[in-house]
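Working notes, structure below.
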Amino acid sequence: KNEVEQSPQNLTAQEGEFITINCSYSVGISALHWLQQHPGGGIVSLFMLSSGKKKHGRLIATINIQEKHSSLHITASHPRDSAVYICAVRMNNNAGNMLTFGGGTRLMVKP
Amino acid sequence: EAGVTQFPSHSVIEKGQTVTLRCDPISGHDNLYWYRRVMGKEIKFLLHFVKESKQDESGMPNNRFLAERTGGTYSTLKVQPAELEDSGVYFCASSSWLGETQYFGPGTRLLVL
């Protein structure tokens, strides 16, 4: 079982819908990252958070350290949001800062 | 400021051949990471350089993989000899200090036939 689990694996939404992608992890962490990868594109870091909530434009990321859970929300979704969203964590016992990744959530937003 | 670059973007080789992937981190970034995604699996850590030194190579799958970062600037990852299961996307990332956001390159798509 992977230490980082994402749900759903695939998500299709209509333009304008509110979207939530979930990430659960089973280890103590020092930080959690949300990453985005467009088809054929590279990986872009959206957020790095260790507590609370962060917002950037239509994207909101929250984390609950006690419950070992994070969510990525997209408000007023748009077809250009279609991408793979990846959750990755930096574990507490990791002196080297390497990331452990979830399997990704493939999002398609239809016009 | 230029981002992380990787070369080549794609490589198709036959089993048994050698391939060398290159990563140029963001200028001034001491930390350089190699990751790999094999088809259908999550991205996995391979190794971490701090400047020219290997900080952690616990993710390297076997001794067919050799990573170097001479001079602490760009890094190469050589696979020799390549096997079918080495096919995947190899990502490089860099950060200026531990704990900072890692900036990813576009990846090299390797296909071993």
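Please treat every number below as a calculation from the coordinates, not as lab data. These numbers come from a predicted model, not from an experiment. Cβ placement follows ideal geometry from the backbone for every residue including glycine, while neighbour counts extend to all protein chains displayed.
Observations on the structure shown:
- Paramagnetic label zone (point 7 Å from Cα along Cα-to-C-beta, B:Asn63; backbone N under 19 Å) in segment B:1-43: B:16-19
- Coarse-grained scattering of chain B at q = 0.23 Å⁻¹, given as base-10 log I(q)/I(0) from a Debye sum over alpha-carbon atoms: -1.33
- For chain A, built as a Gaussian network whose Cα springs stay under 10 Å, the top-fluctuating residue of A:Gln37, A:Gln14, A:Gln66: A:Gln66
- Charge dipole of chain A about the Cα centre (unit charges at C-beta), most positive-ward option of A:Val89, A:Leu49, A:Cys23: A:Leu49
- In nm, spacing of pseudo-spin labels at A:Thr75 and B:Glu52 (7 Å Cα→C-beta vector): 5.1
- Taking chain B and dividing mean pair separation by its residue count, relative contact order in percent (alpha carbons under 8 Å, at least six apart): 37
- Under 18 Å, Cα to Cα: Lys pairs in chain B, sequence gap 8 or more or different chains: 4
- Max mean-square fluctuation residue, GNM over chain B, Cα-Cα springs under 10 Å, options B:Leu77, B:Leu47, B:Leu66: B:Leu66
- Simple Cβ-charge dipole of chain B, Lys/Arg +1 and Asp/Glu -1, about Cα centre, in debye nearest 20: 240
- Loop GluC sites (Glu not before Pro), segment B:1-64, which have at most 11 other Cβ atoms in a 10 Å radius of their Cβ (DSSP): B:Glu1, B:Glu14
- Rounded to the nearest 20 debye, dipole of the protein assembly as shown from Cβ charges on Lys, Arg, Asp, Glu: 240
- Computed from the Cα positions only, the extents of the protein assembly as shown along the three principal axes stand at 48, 39, 35 Å, in decreasing order.
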